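*Asks:* Here it is, the structure in full.
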2 protein chains.
Amino acid sequence: MAESKAPDSTRRSEKSRRAIYAAALSLVGEVGYAKTTIEGIAARAGVGKQTIYRWWPSKAAVLLEAFLDLGEQAAEAAGGADSDYEIPDTGDLAADLKVVLRATVDELNDPTFEAPTRALAAEGIVDAKIGAQYAEKLLEPQAALYVRRLRAAQEAGTVRDDIDPRTAMELLTGPILHRWLLRTLPLTHDYADSLVDYTLNGLAPRH
Amino acid sequence: MAESKAPDSTRRSEKSRRAIYAAALSLVGEVGYAKTTIEGIAARAGVGKQTIYRWWPSKAAVLLEAFLDLGEQAAEAAGGADSDYEIPDTGDLAADLKVVLRATVDELNDPTFEAPTRALAAEGIVDAKIGAQYAEKLLEPQAALYVRRLRAAQEAGTVRDDIDPRTAMELLTGPILHRWLLRTLPLTHDYADSLVDYTLNGLAPRH
């Protein structure tokens, strides 16, 4: 009896956690960050308010974790063992970067992500503290993947030694953010491919 | 008497308009977009609510115009005759782009711009209608300047003919938006210069 209690309770906790994540993401997408409350999340998830307060210190913390979890699930669904995830290194830098940027484009075009991603990004833009958490937990780990792949390319001689990999990463991902956030033009695979080609080869003619 | 009335009223209107712009920008910076109201703007500007409703259909319209006006004033202060403003064409594309990107960095680092720019950008991210106005009135005219300068460079042979100038523009400005919005690393003149050099020359070695 005593032995079976722990797994049951773990299963129940896991189920509540999933329900809370789902409720948080759907609510923030529907009513925005400001109007999303712990009470609202609890009601939609069918758990007590205290359950949420026991696990997370704030609304921002719930949302950020829900969001990280969404990303992890997407990475797992895409076949990555996500804690070990790296940008592929087939030796063809352009092809490897295109795989990753196309996947990023697909993710940003996925309606499941759209509303909560926008809500969280908007909050991070005006609230420096949430922005810092967002950057630390979400962006920096992604940036590190690019930096590692670009360093490997420098060692292989396909990227110049004087290039700062971090700035190079922003050249690849900044335009996608620009187009997505500002909704100026569609985000397509062709666009992702162009960004890689332009970034690697430059705008100036090669003689 | 009758002749002097029109200029006086124009002057008064202009003074009210300036006060309303200033009130709108300071309020949105302090309390955010959602909590900024026409009533609050009117009270701070020392005008009647009806004065605002006579000139603008909505809060979003007031803010967008206040914001455009701020940009125009900055452009005028920087010495540009702003309706005719173009990116300089000295024949040295890298130098010309660095002038513009450094000015953009300075503007984004200016505390006068910081809070209202963030508030408006955040609102545009979650509200597609405001985002579209923001893009149409603010971003597209700026994008057109880059496109014209890059087309001139294509004619001069310093940019490849197969480059899409619009995508090239996003390569230059996207990383700045990325760094500013996400507050990952400082925005400096050196960074602006690197973006121009990387974009024009590419990451791959030139043989």
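The values are calculated or read from the model by the stated rules, or taken from the named source; none is laboratory data. Remember, it's a predicted structure, so these values are computed and weren't measured experimentally. A quick note on method: Cβ atoms are made from the backbone with ideal geometry, for glycine too, and the neighbour counts reach across all protein chains shown. Just the protein is used for accessible areas: all its heavy atoms, side chains included, with ligands, DNA and RNA removed. Shrake-Rupley method; radii C 1.70, N 1.55, O 1.52, S 1.80 Å.
*Asks:* How many of the residues making up the stretch B:124-135 are within 15 Å of B:Tyr33 (Cβ to Cβ) and either open to solvent by less than 20 Å² (accessible area, probe 1.4 Å) or aliphatic (A, V, I, L, M) (or both)?
*Replies:* Looking only at that region, the number is 6.
*Asks:* Which condition number does B:Gly131 fail, the rest of (1) in a helix (DSSP H, G or I); (2) free of Cβ contacts under 8 Å to residues at least 24 places away in the same chain; (3) over 21 Å from A:Asn201 (Cβ atoms); (4) out of contact with any Gly (no Cβ under 7 Å at 6 or more places or on another chain) being met?
*Replies:* Single failed check for B:Gly131: (4).
*Asks:* If I filter the stretch B:193-207 for residues that are among the aromatic types (Phe, Trp, Tyr) and either on the phi > 0 side of the Ramachandran plot or more than 7 Å from chain A (Cβ to nearest Cβ) (or both), do I get at least one hit?
*Replies:* Checked against the condition, which is being among the aromatic types (Phe, Trp, Tyr) and either on the phi > 0 side of the Ramachandran plot or more than 7 Å from chain A (Cβ to nearest Cβ) (or both), the stretch B:193-207 yields no hits at all.
*Asks:* Quick one: how many residues across the stretch A:18-55 are modelled with pLDDT under 90 and crowded, with 19+ Cβ neighbours inside 10 Å?
*Replies:* Of the residues in the stretch A:18-55, 3 are modelled with pLDDT under 90 and crowded, with 19+ Cβ neighbours inside 10 Å.
*Asks:* B:Ala143 passes all but one of (1) under 17 Å from the mean Cα position of the chain (by Cα); (2) within 7 Å of chain A (Cβ to nearest Cβ); (3) of a type in the set (A, V, I, L, M); which number fails?
*Replies:* Only one criterion in (1) under 17 Å from the mean Cα position of the chain (by Cα); (2) within 7 Å of chain A (Cβ to nearest Cβ); (3) of a type in the set (A, V, I, L, M) is unmet by B:Ala143, namely (2).
*Asks:* Against the condition aromatic (Phe, Trp, Tyr) and under 27 Å from A:Leu93 (Cα atoms), how does B:Tyr191 come out, does it pass?
*Replies:* Yes: the conditions hold for B:Tyr191.
*Asks:* So, B:Gly174, is that one facing chain A (nearest Cβ under 9 Å), more than 29 Å from A:Ala144 (Cα to Cα), without any contact (Cβ under 8 Å) to a residue 40 or more places away in the chain and out of contact with any Cys (no Cβ under 9 Å at 6 or more places or on another chain) or not?
*Replies:* no
*Asks:* While we're here: Of the residues B:Leu101, B:Leu138, B:Leu150, only one is in a helix (DSSP H, G or I), open to solvent by less than 70 Å² (accessible area, probe 1.4 Å), under 30 Å from A:Val31 (Cβ atoms) and more than 7 Å from every other protein chain (Cβ to nearest Cβ); which?
*Replies:* B:Leu138
*Asks:* Follow-up question, since we're still on this one. What number of residues in the stretch B:156-169 are within 7 Å of another protein chain (Cβ to nearest Cβ), buried (at least 20 other Cβ atoms within 10 Å of the Cβ) and touching a residue at least 24 places away in the same chain (Cβ under 8 Å)?
*Replies:* 2
*Asks:* Sticking with this structure for a sec: Suppose we filter A:Thr188, A:Thr184, A:Thr117 for residues that are of a type in the set (S, T, N, Q), within 9 Å of chain B (Cβ to nearest Cβ) and out of contact with any Cys (no Cβ under 9 Å at 6 or more places or on another chain); which single one remains?
*Replies:* The conditions single out A:Thr184.
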